[in-house]
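Novice: Can you keep this structure in mind? I'll have questions shortly.
The values are calculated or read from the model by the stated rules, or taken from the named source; none is laboratory data. Computed from a prediction, not measured in an experiment: that's the story for all the values here. Neighbour counts are summed over all protein chains in view; Cβ atoms, including those assigned to glycine, are modelled from backbone coordinates with ideal geometry. In case anyone asks, the SASA skips ligands and DNA or RNA and just uses the protein heavy atoms, side chains included. Shrake-Rupley method; radii C 1.70, N 1.55, O 1.52, S 1.80 Å.
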Amino acid sequence: MNREKIKYSILKEIEKGESIPKYEDYGISKEEFGEIVELIIEDELIKDGEVKRMGIGSKVGYVFLAKARLTSKGYQYLKENSAWSKTYKGLKEVREWLPL
C-alpha cells in the first residue's frame, strides 16, 4: 500500500469536489483509510474532516469527508507532488494507478 499516493488521491478528490473518497475505492480496510485521513488532518492538509474511533481497541468507526476542504497546506502538498497529476485519472482508475 502506497500511503503517500492514497493521501494524494484523497486530497485531489476533495479538491475536485466531485465524489467523496471511501476506503473501498482503494481496496484497503476502514482502519487503514482512517489512519491515512488522521495523518492528513494532523498535518493540517484539510479542514472539516473527521475520523471517529469507537469501541474496544478504538477501531475506526467512520470517516467523514463530506464537508472537508483543503487548507493552504493541502494545496501546497498537491503542488509539491504535481508529478503524480500527470498519471492520476481519478477514483475510477485509482487501483491501477496506485502500484505505478
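Novice: Applying the selection to the stretch 45-86, what residues are without any contact (Cβ under 8 Å) to a residue 60 or more places away in the chain, assigned to a loop (DSSP other than H, G, I, E, B) and either open to solvent by less than 100 Å² (accessible area, probe 1.4 Å) or in contact with a strand residue (DSSP E or B) (Cβ under 7 Å, 6 or more places away or on another chain) (or both)?
Specialist: LEU45, ASP48, GLY49, GLY55, GLY57, SER58, LEU65, ALA66, ALA68, THR71
Novice: Open to solvent by less than 60 Å² (accessible area, probe 1.4 Å) and in a helix (DSSP H, G or I) - does that describe any residue in the stretch 87-96?
Specialist: Initial filter on the stretch 87-96 (open to solvent by less than 60 Å² (accessible area, probe 1.4 Å)): 88, 90-91, 94.
From the residues that got through so far, the ones that are in a helix (DSSP H, G or I) too are 91, 94.
Yes: the stretch 87-96 contains one or more residues that are open to solvent by less than 60 Å² (accessible area, probe 1.4 Å) and in a helix (DSSP H, G or I).
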